[in-house]
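Heads up: the structure comes next, in structure tokens.
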């Protein structure tokens, strides 16, 4: 699920979506344990979605609207050449 859609959800929608995604994750894990190897990609996506739901929920608890802008990637500084 896209992060923008998650940010636009209210608290109750987030909780229900997280619960539904958790149920799907359980079912796919159960199928995987029975030997069905289909859905491994879906398993990864569901785990990431649950993490996104929890992250947005926690950000709202802390009073942060979005993640900090500077946390995406560290800035590399060029090395000075030795003479």
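Quick note: the coordinates plus some simple rules give every number you see, no bench work behind them. Predicted model only: the values in this text are computed from it and were never measured. Cβ sites come from the backbone with ideal geometry, for glycine too, and all protein chains shown count toward neighbours.
Can you sort 55, 37 from fewest to most other Cβ atoms within 10 Å of each residue's own Cβ? Don't skip to the end; give the middle numbers.
Working: 55 13, 37 7.
In increasing order of surrounding Cβ atoms, one gets 37, 55.
How much length would be gained if the chain were fully extended between residue 31 and residue 44, taking 0.36 nm per residue of separation minus their Cα-Cα distance, in nm to one decimal?
Stretched out fully, the residue 31 to residue 44 stretch lengthens by 3.2 nm.
Going by the alpha-carbon gyration tensor, a ≥ b ≥ c the square roots of its eigenvalues, is region 3-67 rounded (a/c under 1.5) or, if a/c is not under 1.5, prolate (a/b greater than b/c) versus oblate? Can you show the working numbers first?
Numbers: a/c = 3.24, a/b = 2.56, b/c = 1.27.
Since a/c reaches 1.5 and a/b is larger than b/c, the shape of region 3-67 is classed as prolate.
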